[in-house]
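Nothing in this text is a laboratory measurement; each read-out follows from the coordinates by a stated rule. Since the structure is predicted, the reported quantities are computational estimates derived from the model, not experimental observations.
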Amino acid sequence: MIEILADAKQIGDEIAVRKAESEVTEKEIDRIRESFRSVAYRASILFFAIVDMCQIDPMYHYSGSNVCSRYLKRTQSKQKTSRRGSST
């Protein structure tokens with residue numbers, strides 16, 4: 001019976017350690033999640049601006065994949081431009 005109680009205490013101690021580790025991990029995840037909040041806000045503005053553009057003129061009616069590919073190409077070209085400018 002003493003062995004059972006000793007085992008239970010050991011298991012309880014292990015659980016306490018894991019709980020403390022999980023609390024630290026949870027705080028780290030929350031901190032990282034909050035760092036993306038501003039990005040999500042800007043992305044939502046961009047999304048709704050693109051969606052509303054087709055109401056201005058049908059010419060602006062693009063598919064989502066088309067908009068994404070245009071956005072990626074533009075950001076990649078900007079990155080290449082900024083790299084060239086910083087090396088001179």
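What the table below lists for this structure:
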| read-out | value |
| --- | --- |
| Helix 2-35 axis, angle to the chain major axis (alpha carbon atoms, nearest 10°) | 20 degrees |
| Degrees separating the helix 64-87 axis from the principal Cα axis of the chain, which is the longest one | 90 degrees |
| Reach of residue 27 by Cα under 18 Å, taken over lysines that are not fewer than 8 positions away in the same chain | 19 |
| The chain: C-alpha gyration tensor shape, a/c 1.5 cut-off, then a/b vs b/c | prolate |
